[in-house]
Every structure is written in structure tokens, then in C-alpha cells.
1. Output, in nm with one decimal and in ascending order, the distances from the A:Asp168 label point to the matching label points of the other copies (7 Å from Cα along Cα-to-Cβ).
2. May I ask what percent, to the nearest 5, of DSSP beta bridges between residues of chain A are antiparallel?
3. In terms of modelled amide H atoms, which long-range or inter-chain residues lie less than 5 Å from the amide H of A:Leu130?
4. So what are the three principal axis dimensions of segment B:158-215 from its Cα atoms, in whole Å, longest to shortest?
5. Is there a simple number for the mean count of other chain Cβ atoms within 10 Å of the Cβ of residues in A:149-160, and what is it?
6. Could you please state, rounded to a whole Å, how far the C-alpha centre of segment A:160-201 is from the C-alpha centre of segment A:67-96?
7. What shape does the protein assembly as shown have by the C-alpha gyration tensor, where a ≥ b ≥ c are the square roots of the eigenvalues, rounded means a/c under 1.5, and otherwise prolate means a/b greater than b/c and oblate the rest?
8. To the nearest 500 deg cm²/dmol, what mean residue ellipticity at 222 nm is calculated for chain B from DSSP H runs of n ≥ 4 alone, each contributing -39,500 (n - 2.57), summed and divided by the residues?
2 protein chains.
Amino acid sequence: MQIAIAMFDQFTALDAVGPYQVLVELPHTEIVTVAAARGPVRDDRSLTFQATAAFDEVTEPDVIVVPGGLITRRMVRDRHPVIDWIGAVHPTATWTTSVCTGAVLLAAAGVLTGRAATTHWVAYDQLAALGATPTEQRVVVDGDVVTAAGVSAGIDMALTVAALIAGDAMAQTIQLGLEYDPQPPFDAGSPAKAPGAIHAPLSDWMRRREAALLS
Amino acid sequence: MQIAIAMFDQFTALDAVGPYQVLVELPHTEIVTVAAARGPVRDDRSLTFQATAAFDEVTEPDVIVVPGGLITRRMVRDRHPVIDWIGAVHPTATWTTSVCTGAVLLAAAGVLTGRAATTHWVAYDQLAALGATPTEQRVVVDGDVVTAAGVSAGIDMALTVAALIAGDAMAQTIQLGLEYDPQPPFDAGSPAKAPGAIHAPLSDWMRRREAALLS
């Protein structure tokens, strides 16, 4: 089973590495990190990864994982090559998945038209504008497309996909191996739970950052 | 504030990337990925990262993050260079942290002698043998040393450290930005919660894998 993890300049590292760490434990799995070209790919902060394949070298992956980042609005405007790649490989993929604003890239590729989907809370409007029906759920399975909310939600998404592929016992085994028994020190992980004094400035900052990336 | 994330051949990617994604959001932060030599570092599966500095180039980091992996038992046996680096930088670091069996490396460096600490559930015995007092908590703060349980616990650990460094409101802002409102599809993330039919074979597999890595 080939699992293709898309990478692009300024993606969010945990969006990709969370699902990777879950899905790599499935039996008979080959992971390929795929980008516009083989070689180094920088995330949106300080990490550099290696892409092991170019988009045109990965034509029939079984599972695709598309991370996000605040750069995705610009990528849609500029029709980044990952969008056409998603459109090309989705029809034959068993599972097409996204994390965070990776859903915006799926939507731009036409994959989410008329589907329920989720994304980072800052991007519900973008998702709707591209023809999807945003929900506020953490993980949404609609047919063969599975979308996750922001960044850390990729771990929950990947465990869901692992169970769909290999059964509940395998997914639970992976969960135990990763000791995924989350105990956040605060309960501020969603707009509904975080204090307004935190939500509003963060939302403003993210929108300003997106705007700066567009110019 | 310099945050040094240690990397070594066969480390577990999420151990490093979970805390990274939290700590990089702290104000005035420089992240350095540090290994035996600058250049590519392969994780224990399929990802390749770039180390931006060698151990001898990072002499006074403010925060250190040490990931783990099943390779750590061998690293202790062979006295991997990361162990001496930890011993050298810990005295001047504000926070010395580990994820998963990274705690075993801290212990081998003498950092955990007489301290309470945690690690992946498969490694409590190793930690005790190296002079620490293992607890079964997810995150343990003992003085200026903060240890986390297995793999995914690094996110909880880093939010704890973020609050210690920059206050609760900053940690909550980061949590909301990462939409860290975990909703695992199963409740199997600790030995106490996972079915015995899952725990025993996984534990056996991990110990066999560790043994293979020692030979």
C-alpha cells in the first residue's frame, strides 16, 4: 500500500508528521513524500524535510495525505501544482485525506464539491467558497475522503483511517504504541472552548499573516 | 531564546515534531535542529530531516528537546554523542526536556539521577536502571527537567513548558492555533486502557525490535 504525503513550501510540519506516524505503522506500507521536485522542502517555520518523489512520479497512490498551512490561500490563487496532482490521483486513491487547510487544496482540486468536510477553524469560509460544506467536526468521513480539523487533528484522522483500512484492533495497537492518551494541560483547543480574549487576537493574527502571504 | 531539538539516526519523528510545533510559536524563538553532524538525519521509518547544526556548535541552548525511539537502548550501550551533549548543555539550559525514550538518554547523561521522570511505557525498567524514579504520569516536571510519556505526549509536555516560559494565556493561544482538542476514535492510548489482547503482543514486538537493534 503506497501512502503519499504531499509537501510544499511553507506547509505545517505537524499536519504531515501526525498522520505519518500513525499510518507508517500499518502493515505492508510504503511512505512516499511527494513535492513539486525531489529534494528539500521547508515547512512554514524552521524544519526542512526531504521529498523522495516528484508529483509526476507518484501516479497511483493508495492513500494521499495533504497537509495545510496559512500559505494555502495563496496556493489556490496561484494554482500550485499540488492541486492538479490531487485532482489526478484522487480518482484511483482508496482514501484521500487532508489535515488543517489541506482541505482547501482538496476543494480547489474539485474533490470536496458537494461533500461535507472540515478544516482549521480559521478557514471554514474558504472551504465553503470552494464548494464544500464545512462542519465543525474534528474528523469528517464522506465517502472516500477524510478531512481533519487544524494541525493536531491529523492524528485523530489517521487513527480513523487506520481503522477503516486495517480494523479497530490495528488502530488501537498503533494508538497504544504512540501512547496517544492525550492530556492537554488546558482546555482551549477549539474556538468554543478557548477564552474570547485568546480567540479573537489569534484569529486576527492568522488573517493578517494570510494576507501578508498573498502579497 | 534558542530551542535545540536533538536528532539522531532512527529517532521517532513525532517525538520531535510535536514539541517543535508548539515551542516554535513562542515569541522570540530560534529553533536549531542539532545532530552529530549538520545535514540529513533519517528517522526510524521513512522521513529525512535536516540538522542545521552539529552538537559542538550548540553550546548554550535555553531549551533542549530530546526525542526517543527504540534505538535508545543501543545508544546508551554505545554512548552515542548526544548523551555527552546533553550532559554538557543541561547545566546552563533553562529547561531540559524529553519525549518517549528520550528520557533514557537524559538518564544516561546523569540528568535524571534521583529525579521523578516518565518515558514510554515500554521503558520504565530502563529508566529505573539508570537511576531515575519512573512515574506513570504523562508529563513530569521535576525542577528544570520535564519528561513526557510516549511519542504523542510531547505535545502535552510542550504546552506545559510553553506555559512555564510564557504564561498560561500564551500556551492556550498556541493550543487553539494547533486546534489541539484531541478526540481519539478509541480509548486505547495507555496500557491501563488498552485491551490486554493488544498490549501484550505490542510489548513483545517492541522488545524484540529493541533486541534486534542491539545486535
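1. Inter-copy label distances (nm, one decimal, shortest first): 3.7.
2. Numbers: 8 of 28 bridges.
Bridges in chain A that DSSP calls antiparallel: roughly 30 percent.
3. none
4. Principal extents (largest minus smallest coordinate, Cα): 45, 31, 17 Å.
5. Numbers: counts 4, 6, 7, 12, 6, 0, 9, 5, 1, 1, 6, 4.
What the average comes to for A:149-160 is 5.
6. Here the answer is 24 Å between Cα centres.
7. Working: a/c = 1.58, a/b = 1.40, b/c = 1.13.
Taking the square roots of the gyration eigenvalues as a ≥ b ≥ c, the protein assembly as shown is prolate.
8. Values: 8 runs with 82 residues, N = 215.
My calculation for chain B gives -11500 deg cm²/dmol from helical runs alone.
Taken together, the values in this text are just the output of simple stated rules run on the coordinates, not laboratory data. Only a predicted model underlies this, so the values are computations on that prediction, with no experimental measurement involved. All Cβ positions, glycine included, derive from the backbone under ideal geometry; neighbour counts span all protein chains shown.
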